[in-house]
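Asks: Before I ask anything, let me first share the structure, which is written out below as C-alpha cells.
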Amino acid sequence: HPRRPCHERPGRRGAGQDRLRGSKNLVWSLFLAVALFGLSGLVHLRAMNLVMRFGDSPGLSGSGRVLVALYTLGIAHVVEAGLYAVGFSMGEALGIGGFEQDIVDSFMDVFYFSLVNYSSLGLGDIYPTGHSRFLAGLESLNGFLLISCSASFIFLLMRNQMDGPTSGGIQASD
C-alpha cells in the first residue's frame, strides 16, 4: 500500500503546527547564522586593518609587528566567538534550540561552548539541540576560515620580518 504523507498518518495530530513552528525556527536560525557570519567577518577585517595600520609604526621592530598581530587577531577571535555565544543565547530565547546538558546554566558555559566550537576543537562535553546545530556548524566553518586567514596573515608578517619587504609579503598600502 502507498505511503501516506506524515501529516495524514494516524496519531500525528498537530503535525502541521509542528512543521510551521519548525519552519519559523529554521528561518530564525538561518537569519542568526547569516548575521553572525557577516558580523564576525567584519570584526576580523577591522582587526586586520588595525594591524596593517599600526603594525607599520616606525618605532616597531619586526618582532613587535608580529606580537601586535598575534594579540590583535587573538582578541578578534575571542570577540567573534563571543558574538556566536550571544547568538546561541538569543536562539535559545527564541526557542530554536538550546543545549542538551544540564550543566549549561550561565552565559560563561555558552561562551565556553562557542570558543570550543569556533576553534573546531569540539570537546563534545556540551552540544546543541534543535536548529542551534546548524548555527554550531556554521560557527565551526567561520572559525576555520578566519583562523586560517589569521595564520596566513601572521605567516606573511614573519616572512617579511625575516626576508625583508621585497619578498612578496604584506606591503603597506597608500
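Asks: Pick from region 61-75 the residues that are under 13 Å from A151 (Cα atoms) and among the small types (G, A, S): which of them is least open to solvent (accessible area, probe 1.4 Å)?
Replies: A69
Asks: For the structure I just gave you, tell me whether Q17 is modelled with pLDDT under 95, assigned to a helix (DSSP H, G or I) and over 30 Å from L157 (Cα atoms).
Replies: Here the answer is yes, as Q17 does meet what is asked.
Asks: So which residues in region 91-148 are loosely packed, with under 13 Cβ neighbours inside 10 Å and part of a loop (DSSP other than H, G, I, E, B), if there are any at all?
Replies: E100, D102, I103, D105, S106, S120, L121, G122, L123, G124, D125
Asks: May I pose another question? Can you tell me which residues in region 34-72 are of a type in the set (G, A, S) and closer than 30 Å to A136 by Cα?
Replies: Selection gives A35, G38, S40, G41, A47, A69.
Asks: For the subset of region 44-60 comprising residues that are touching a Leu at 6+ places or on another chain (Cβ under 9 Å) and modelled with pLDDT of 90 or more, which member is surrounded by the fewest Cβ atoms within 10 Å (Cβ to Cβ)?
Replies: Restricting to residues being touching a Leu at 6+ places or on another chain (Cβ under 9 Å) and modelled with pLDDT of 90 or more, the top hit is M48.
Asks: Would you point out the residue of region 24-39, among those that are of a type in the set (A, V, I, L, M) and within 11 Å of the chain's Cα centre (by Cα), that is most open to solvent (accessible area, probe 1.4 Å)?
Replies: V34
The values are calculated or read from the model by the stated rules, or taken from the named source; none is laboratory data. Since this is a predicted model, take the numbers as computed values, not measurements. Cβ atoms come from the backbone with ideal geometry, glycine included; neighbour counts cover every protein chain shown. Ligands, DNA and RNA are excluded from the accessible area calculation, which covers all protein heavy atoms including side chains. Shrake-Rupley method; radii C 1.70, N 1.55, O 1.52, S 1.80 Å.
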